[in-house]
Structures are given as structure tokens and as C-alpha cells.
Amino acid sequence: MDSTPIKIDPTHADLSDPLRAYRDRFELPEGVIYLDGNSLGALPKTVRQRVAKTICEEWGEQLIRSWNTADWVHLPQRVGKKIARLIGAQDGTVVAADSTSINLFKVLSAALDLNPGRSKIISERDNFPTDLYIAEGVAKQIGKGHRLILADAPKDIPGMLDDDVAVLMLTHVNYRNGYRHDMAALTRAAHDMGILVIWDLAHTAGAMPVDLTGAGADFAIGCGYKYLNGGPGAPAFLYVNPRHHGGFRQPLSGWFGHRAPFDFDSAYAPSGGIEQYLCGTPPVLAMVAMDEAMSLWDDVDMEAVRTKSVALCDFFIQEIDKFAEDLGLTLVTPRDPGLRGSQVSYSCDNGYAIMQALIARGVIGDFRAPDIIRFGMTPLYLSFAEVGQAAAVLKEILETRAWDAPEYQVRGAVT
Ligand SMILES: *Cc1c(COP(=O)(O)O)cnc(C)c1O
């Protein structure tokens with residue numbers, strides 16, 4: 001490629017970064033450049049004390065009284081309210097609960113129930129596998145012959161929407177290549193055909209502003225442990241457009257979705273609101289960590305997050321453009337910021353070993369089979385200097401073939 005003109009100067013960009021004070025609110029180990037916050041967000045400093053307080057005081061001393069005195073019982077709604085602001089959702093339309101996979105099971109079941117007489121679920125072959133597995137499972141469970149039909153490319157989706165499609169189920173930002181769908185346009189196209197839309201915001205929430213209300217989305221789900229920094233295995237979230245509240249069936253009809261759980265009635269009577277999407281007792285320790293992590297977002301300007309995210313990605317691409325072609329890297333993330341999320345991915349040979357060599361040098365990204373090395377950009381705690389440094393380390397590893405050592409070839413259970 002021709003030499004790209006330098007557009008971003010890292011020193012200047014760091015000095016004029018309106019978000020730079022946030023880094024100090026995270027615990028990050030010395031000597032690590034963390035480019036995997038899209039997979040497991042870093043630890044916000046106050047989470048440590050808050051979880052300790054919950055364990056020592058609320059659990060240790062107050063015992064069962066804390067369900068009321070510390071309001072443990074409403075953590076799913078309280079956390080949901082904090083997430084709602086980041087995704088353009090109204091109060092009372094988001095809860096934190098369960099995992100993304102389980103929440104997809106709930107909302108997809110509800111969506112199919114709301115759109116009877118249609119047989120197709122449309123998604124993408126390149127969607128995150130759990131979303132596809134859950135859709136297959138839901139279709140089998142319902143047993144009415146629903147079929148999951150997969151688009152091979154985003155451009156094929158509009159042409160696949162017809163009056164036999166019940167649900168369009170997409171991940172807003174692709175986990176592998178970072179491609180981002182036009183949420184408003186696809187939702188509109190689907191609604192024009194009477195199709196309900198589910199958006200998976202796993203790689204969107206906390207990475208950029210989202211406007212679920214403006215887009216008219218029917219349902220959304222997403223992870224707590226990625227850009228939201230809720231901790232490993234953090235509770236996930238789900239959104240339901242208020243026009244569907246009360247009008248659906250959610251098959252995991254546990255007591256926390258009941259109108260009055262502590263009436264201990266023997267018959268299920270749904271709450272009628274977003275609570276109907278809760279199933280059982282929330283995991284309080286994980287919810288408290290998530291709640292504390294979310295409080296960090298209270299004063300964050302999501303437009304500033306997006307602006308910095310775009311610049312970090314642009315800068316990383318700019319630095320890697322200088323050697324990508326010579327050293328065997330192919331950019332698979334769109335160059336156009338309008339078409340991407342907050343990550344940069346390259347395909348290459350020996351990607352797994354290259355990533356292990358990077359991690360050994362303190363540059364933590366991840367590898368996604370078969371051949372993708374992936375770098376997540378988290379504007380709250382990354383600097384332009386670090387991103388430039390990461391590009392330099394990658395260049396050095398490729399030039400010296402440092403990745404070609406036996407210890408970098410052994411795959412762990414998690415890549
Ligand atoms: C990370 C991710 C998930 C993870 O689901 P879990 O139930 O938390 O394991 C699901 N969908 C997408 C699109 C993801 O990126």
C-alpha cells in the first residue's frame with residue numbers, strides 16, 4: 001500500500017483526550033497494554049471495596065435482612081436502569097439477568113410467540129455461534145417447524161426479508177471482523193415486512209452510543225463483562241420495547257417474573273412489565289460487582305467515547321498499514337468508521353502463535369479461529385501511546401518471526 005499520510009499524532013491525541021482521567025479509575029497491571037476489553041473489561045477500582053462490603057457487612061452481618069436493607073432484590077432493575085442510558089432505552093425496559101445466551105432464549109421465544117404463522121428466523125452465518133445455537137434450540141423446542149436461515153453477507157439480508165420471516169436476529173457489531181450493521185435501517189426494513197427484530201449488543205454496549213428507542217428495536221440483549229466491565233461471567237442484560245410488555249410468553253417463567261413472588265401462589269401470573277424476563281434469584285455478588293462497574297458510567301459522555309474509539313482504531317490501522325502488506329497481515333475490519341464497531345482485526349497465517357507472542361510481551365489481544373487476530377479499543381482506559389506501542393511490538397514479532405517458538409503453538413482451552 002502507498003504510504004498513508006499521518007493523520008493522528010499520539011502525543012497530541014493523548015494530551016487533548018477528554019476521557020484521559022478515566023484510566024485512573026481502573027486497576028491495570030504495570031507493563032500491560034490491554035486490547036481485550038471487548039472480551040473481558042478491566043477492573044474498575046471501586047468494585048473491590050464494594051464487593052468486599054457486600055460480603056463482609058451485607059452477607060456476613062446482615063444476613064438475609066440484606067434482601068431488603070441493601071435492596072438486593074431489585075439489583076436486576078437497578079443495574080438495568082444504568083445500562084438503559086447507554087443504549088437509548090427508557091426506564092423500565094432493561095433488566096440485568098442470566099447470560100446473553102439465556103436472555104436470547106427468552107427474547108427469541110417471546111418474539112416468535114408474538115409473530116405466529118411465520119416460519120423463518122433470519123440471521124448471519126458469521127454471527128457469534130451461541131446466538132445460532134440458541135436459535136436452533138428455540139426452534140426445536142417450539143416444535144412448529146421454525147427454520148433458521150443464514151445470510152452469507154450483510155448485503156444479502158434486506159433481500160431475505162419476506163412475509164414468512166418472523167424474526168430478524170442480528171449482532172450489531174460482528175465479534176470477529178468488527179463490521180457494524182445499520183440498526184435503524186435494518187429495523188425499519190424488517191418492520192415494513194411485519195418482522196420483529198432482536199439486536200445483540202455484546203460488542204456495542206459501552207463501546208458507542210446506541211439508540212434502541214429511536215431505531216424502534218423490538219428486543220436487545222448483551223453482555224455485562226465486555227465493554228461494560230462487569231467482571232468475568234457478569235450478568236447480561238436484556239431490553240424489551242414497551243409496546244411488547246405484557247403481550248408475550250417467556251418460557252423461563254420463574255418466580256422472579258411473577259407479579260407477586262412473595263405471595264407464593266401456586267399458579268404463575270406474569271408481572272406484565274420487564275420483570276417478566278427475570279427467572280430466578282439473582283447472583284448477588286456478581287450483580288453487586290456489575291452495579292458498581294456501571295456506576296462508573298454515570299457521567300461518561302458516550303459521544304466522546306465513540307469519537308475516541310474511532311480515533312484509536314484509525315490510529316492503530318494507520319500504524320499497521322506501514323508494514324501490514326509486507327508482513328502478511330490483511331485488515332478485515334472496515335476502514336470506514338461508519339461500518340465498524342470498536343475493534344480492529346487482521347487475518348494472517350500463524351495468528352494463534354503471533355497472539356501468544358504478543359501476550360508474552362504484555363500486549364493482550366485475542367485470537368479467533370480460524371485466522372483472526374483481534375484488538376479491542378476501550379476508550380476509557382487506553383491511550384494513543386499504548387496503541388502505537390502495540391503496533392510496534394506486533395511489527396517486531398513479525399519481522400523477527402519471534403512467534404515461531406514451540407511455547408507459542410500450544411492452544412489453551414480459551415483463545
Ligand atoms: C460474547 C458474546 C456472547 C456471549 O454469550 P454468553 O452467554 O455470555 O456466553 C453472545 N453473543 C455475542 C454476539 C457475543 O459476542
Self-check item: Translational diffusion coefficient (Stokes-Einstein; Kirkwood radius from C-alpha pairs) of the chain at 25 °C, 0.890 mPa s, in µm²/s
Solution: 109
Quiz item: Ranked highest first by average number of other Cβ atoms within 10 Å, how do 265-273, 112-120 line up?
Solution: 112-120, 265-273
Quiz item: Quick one: helix 129-142 against the long Cα principal axis of the chain, what's the angle to the nearest 10°, folded into 0 to 90?
Solution: 20
Exercise. Beyond 25 Å between alpha-carbons counts as too far, so tell me which of Lys45/Lys106; Lys81/Lys155; Lys155/Lys322; Lys155/Lys226; Lys106/Lys155; Lys106/Lys140 fall in that bin.
Key: Lys45/Lys106; Lys81/Lys155; Lys155/Lys322; Lys155/Lys226; Lys106/Lys155
Self-check item: Fewest-first ranking of Lys308, Lys140, using other Cβ atoms within 10 Å as the exposure measure
Solution: Lys140, Lys308
Quiz item: If the cut-off is 16 Å between C-alpha atoms, which aspartates and glutamates fall inside it for Lys395, apart from same-chain ones fewer than 8 positions away?
Solution: Glu319, Asp321, Glu325, Asp326, Asp349, Glu386, Asp404
Quiz item: Distance in nm between label sites at Arg306 and Cys56, each 7 Å beyond Cα in the beta-carbon direction?
Solution: 4.2
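Only bridges with both residues in the chain count here: give the DSSP antiparallel percent, nearest 5.
Details: 23 of 41 bridges.
Bridges in the chain that DSSP calls antiparallel: roughly 55 percent.
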Exercise. Can you tell me the relative contact order of segment 49-298? Whole percent, Cα pairs under 8 Å, sequence separation 6 or more.
Key: 24
Self-check item: Principal-axis tilt of helix 75-86 within the chain, Cα atoms, nearest 10 degrees
Solution: 50
Self-check item: Gain on full stretching of the segment that runs from Ile64 to Asp326 - 0.36 nm per residue minus C-alpha separation
Solution: 88.0 nm
Quiz item: What nm value, rounded to one decimal, do you get for the distance between Ala405 and Phe262 when each label is placed 7 Å out toward the C-beta?
Solution: 5.9
Practice problem: State the answer as a single residue: which of Gly247, Gln49, Met169 lies farthest towards the positive end of the charge dipole of segment 49-298, with beta carbon charges of +1 for Lys and Arg and -1 for Asp and Glu, about the Cα centre. | Solution: Met169
Exercise. Using only Cα atoms, find the angle between the long axis of helix 284-295 and the longest principal axis of the chain, and express it within 0 to 90 degrees, rounded to the nearest 10.
Key: 60
Quiz item: How do Ile157, Ile221 line up, fewest other C-beta atoms within 10 Å first?
Solution: Ile157, Ile221
Practice problem: Excluding residues fewer than 8 places away in the same chain, name every one of the aspartates and glutamates whose C-alpha is closer than 18 Å to that of Lys53. | Solution: Glu61, Asp71, Asp291, Glu292
Quiz item: Over its Cα atoms, what ratio of radius of gyration to 2.2 N^0.38 Å does segment 323-406 give?
Solution: 1.06
Quiz item: Can you list residues whose amide H is under 5 Å from Thr333's amide H, if they're 5+ apart or on another chain and H is modeled 1.01 Å from N?
Solution: Ser345
Practice problem: Considering only Phe375, Phe105, Phe262, give the residue with the highest GNM mean-square fluctuation for the chain, with springs between Cα atoms whenever their separation is below 10 Å. | Solution: Phe262
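Give me the extension gain from Ser119 to Leu150: residue separation times 0.36 nm, minus the current Cα-Cα distance, reported in nm with one decimal.
In short, 9.8 nm is gained.
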Quiz item: Sequence-distant or interchain residues sharing an amide H contact under 5 Å with Ala97, placed H: which?
Solution: Ala236, Phe237, Leu238
Exercise. Using only the alpha-carbon atoms of segment 251-373, report the extent along each of the three principal axes, biggest first, to the nearest angstrom.
Key: 69, 33, 27
Practice problem: For Thr415 and Asp192, calculate 0.36 nm times their separation in residues minus their Cα-Cα distance, and state this gained length in nm to one decimal. | Solution: 76.2 nm
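No value in this document is a laboratory result; all are computed from the given coordinates. Because the structure is predicted, anything quoted here is derived from the model rather than measured. As a convention, Cβ positions derive from the backbone with ideal geometry for all residues, glycine included, and neighbour counts pool all protein chains shown.
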